[in-house]
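The structure that follows is given in the form of structure tokens.
The values are calculated or read from the model by the stated rules, or taken from the named source; none is laboratory data. Here the structure is a predicted model, which is why all the values come from computation and not from measurement. All Cβ positions, even for glycine, are placed from backbone atoms using ideal geometry, and neighbour counts span all protein chains on display. Please note that ligands, DNA and RNA were not included when accessible areas were found on the heavy atoms of the full protein model with its side chains. Shrake-Rupley method; radii C 1.70, N 1.55, O 1.52, S 1.80 Å.
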Amino acid sequence: MKRVIVILLTLIGAPAWAHKPSDAHVRLVVDGDRITGRLEVAVRDLDAALAIDDGDGEITWSELEAAAPRIAEYVQSRLAIQGCTLTTNAAALADLSDGAYWSVELAARCARPQTTLELTYRLLFDIDAQHRGLIHVAGQTVIVRDESPVRVALGEPTSIRSFVQEGVWHIWMGLDHILFLTCLILPAVFQRRTARWQAADSMRDVAVEVFEIVTAFTLAHSITLVISAVGLVRLPTRFTETAIALSVVAAAVNNLVRIVDARWAVAFALGLLHGFGFSNVLIDLGLPSHELIGALLGFNAGVELGQAAIVITMIPILFLIRRTLAYQALLWAGSASVAIVASCWSYQRFFV
């Protein structure tokens with residue numbers, strides 16, 4: 001029982017904004033041996049790194065101004081372009097989709113004209129392993145997830161492979177998505193026969209039902225991912241993330257009271273909400289219009305690959321334990337725990 005309580009507290013304390021990662025944008029313009037641009041870092045992230053707030057819970061402009069020398073030193077020690085001397089200049093606030101960002105001017109003088117940039121980006125990784133550095137230069141977007149140096153060949157299009165990887169990473173790091181998918185799949189090995197629920201006899205029947213669920217979810221989130229990413233319909237981030245948390249609650253509660261037996265319908269209806277969450281990831285990349293189609297295709301393919309890996313791993317295990325007490329505990333106690341955790345997430349995402 002103590003272990004269950006510890007797990008619950010850990011999940012509740014996990015980052016509530018599972019679909020909105022910590023991002024910083026480096027926007028560069030290369031002109032021969034000169035480079036100009038801007039760095040945009042979330043104010044909340046700078047506070048986590050440098051303790052800017054005086055303790056009242058609100059970060060003011062005067063606090064940011066007072067911390068400006070420390071911010072400049074922090075940036076210059078963790079952002080570098082090989083062969084160039086990088087400096088920071090005037091700063092201002094920028095309002096992005098998830099809040100206020102510290103936007104500081106960048107300037108660099110290089111030893112020779114640049115055709116390939118070699119950058120080292122080391123901001124915030126030591127305090128947030130899920131942080132992303134987004135390098136925008138010459139019509140490309142490079143996603144940096146660790147402190148390894150990156151090379152950007154100027155004039156080349158962004159590799160679709162990077163968006164496939166981002167889609168896979170987003171699924172695997174998105175705890176709310178994993179819990180939603182798990183709640184949909186859990187009952188697939190415990191099916192209704194007439195008026196009774198019994199363990200499934202056929203792996204084929206289980207596979208068919210899971211295929212229907214995953215296909216419905218894929219179709220639904222693909223629809224809203226596309227219409228949101230191209231700008232036809234966009235929802236406020238706070239509303240989207242709260243609704244996604246509530247969709248996890250709904251899927252978990254449905255396992256407990258069995259309101260809807262056709263879980264493919266649940267997957268489709270609630271999958272529409274997840275598509276808006278996925279689109280926020282692409283929108284915040286700040287992609288130029290000519291990259292959008294490739295990014296959409298690559299990211300969606302990555303989402304499906306990441307999702308398929310989870311499903312393929314789960315189904316044989318669930319089928320093997322379907323007649324055991326362990327499975328019954330997982331189905332009932334697990335679903336109840338997920339409902340509690342996701343309810344806490346929905347509160348955090350809307351009110352905090």
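What number in nm² do you get for segment 47-113 if you take the convex hull of its Cα atoms and divide its surface by four? Could you put the intermediate results ahead of the total?
On the way: hull surface 22.1 nm².
Average of the hull's projected areas for segment 47-113 equals 5.5 nm².
Another question, if that's okay. Can you tell me the convex hull volume per residue for segment 122-187, based on C-alpha atoms, in Å³ to the nearest whole number?
Value for segment 122-187: 103 Å³ per residue.
Oh, and also: Kirkwood hydrodynamic radius, segment 45-168, all distinct C-alpha pairs: what's the number in Å?
Values: mean 1/r = 0.0616 Å⁻¹.
The answer is 16.2 Å.
Answer rounded, prolate or oblate for segment 112-153, using the Cα gyration tensor with square roots of eigenvalues a ≥ b ≥ c: rounded when a/c is under 1.5, else prolate when a/b is larger than b/c, else oblate. Let's see the in-between values first.
Working: a/c = 3.31, a/b = 1.97, b/c = 1.68.
Here segment 112-153 falls in the prolate category.
Add -39500 (n - 2.57) for each DSSP H run of 4 or more in the chain, then divide by its residues: what number comes out at 222 nm, to the nearest 500 deg cm²/dmol? Display every interim value, and only then the final one.
Working: 10 runs with 189 residues, N = 352.
Mean residue ellipticity at 222 nm (helix-derived): -18500 deg cm²/dmol.
Would you mind finding the longest exposed-site-free stretch of the chain, with exposed GluC sites (Glu not before Pro) meaning DSSP loop and at most 16 other Cβ atoms within 10 Å? If you can, show how the numbers build up before the last one.
Details: sites that count: E58, E147.
The longest such stretch corresponds to 148-352.
From Cα coordinates alone, what are the radius of gyration and Dmax values for the chain in angstrom?
So, for the chain, Rg and Dmax equal 22.8, 78 Å respectively.
Taking the Cα centre of segment 113-194 as the origin and placing charges on Cβ (Lys, Arg +1; Asp, Glu -1), which of V168, I127, V152 is farthest toward the positive end of the dipole?
Checked the options; the winner is V168.
Quick check on segment 292-348: take the gyration tensor over C-alpha atoms, sort the square-rooted eigenvalues as a ≥ b ≥ c, and tell me if it's rounded (a/c under 1.5), prolate or oblate. It would help to have the intermediate numbers written out before the result.
Values: a/c = 6.99, a/b = 1.45, b/c = 4.82.
In terms of gyration-tensor shape, oblate.
Looking at segment 229-310, I'd like the Rg to Rh ratio, where Rg is from alpha-carbon atoms and Rh is Kirkwood's inverse mean 1/r. Before the final figure, lay out each step's value.
On the way: Rg = 14.8 Å, Rh = 14.3 Å.
The Rg/Rh ratio comes out at 1.03.
With everything on Cα atoms, drop me the angle between helix 2-13 and the longest principal axis of the chain, reported from 0 to 90° to the nearest 10.
The answer is roughly 40 degrees.
Please report the antiparallel percentage of the DSSP beta bridges confined to the chain, to the nearest 5.
Working: 44 of 50 bridges.
Among the beta bridges of the chain, antiparallel pairing accounts for roughly 90 percent.
Highest GNM mean-square fluctuation, the chain, Cα pairs closer than 10 Å: which of Q307, Q82, Q140?
Sorting by GNM fluctuation, first place goes to Q82.
Hey, another quick one. Any idea of S162's accessible area? Nearest 10 Å², probe 1.4 Å.
Estimated to the nearest 10 Å², S162 gives 30 Å².
What is the Cα convex hull volume of segment 131-242 when expressed per residue in Å³?
Numbers: hull volume 19.6 nm³, N = 112.
Spelled out: Cα convex hull of segment 131-242, divided by residues, is 175 Å³.
Which value, in Å² and to the nearest 10, is the accessible area of Y347 when all protein chains are kept and the probe is 1.4 Å?
Surface accessible to solvent at Y347 totals approximately 130 Å².
Further, regarding this structure: Would you work out which of I52, L330, S279 lies farthest towards the positive end of the dipole of the chain? Charges go on Cβ: Lys and Arg +1, Asp and Glu -1.
L330
Please find, in a Gaussian network model of the chain (springs between Cα atoms separated by less than 10 Å), the residue of V41, V208, V226 whose mean-square fluctuation is greatest.
Sorting by GNM fluctuation, first place goes to V208.
Calculate, in nm to one decimal, what V230 and A111 gain on full extension: separation in residues at 0.36 nm each, minus their alpha carbon distance. Before the final figure, lay out each step's value.
Numbers: separation 119, 0.36 × 119 = 42.84 nm, distance 4.03 nm.
Here the answer is 38.8 nm.
Who wins for biggest fluctuation among D146, D261, D45 in a Gaussian network model of the chain, springs between alpha carbons below 10 Å?
Sorting by GNM fluctuation, first place goes to D261.
Can you pull the accessible area of T88 for me, 1.4 Å probe, Å² to the nearest 10?
30
Now, a different point. Compute the angle between helix 160-173 and the longest alpha-carbon principal axis of the chain, please, reported from 0 to 90 degrees and rounded to the nearest 10.
Taking the Cα atoms of the chain, the angle to 160-173 is about 60 degrees.
Once R0 is set to 30 Å, what does the formula 1/(1 + (r/R0)^6) return for the Cβ-Cβ distance between F211 and S148, expressed as a FRET efficiency to the nearest 0.05?
Values: r = 38 Å, r/R0 = 1.27.
So, using R0 = 30 Å, E works out to roughly 0.20.
Estimate the FRET efficiency between V257 and A100 by the formula 1/(1 + (r/R0)^6), using the beta-carbon distance for r and 56 Å for R0, to the nearest 0.05. Working shown, then result.
Working: r = 42 Å, r/R0 = 0.75.
So the FRET efficiency works out to roughly 0.85.
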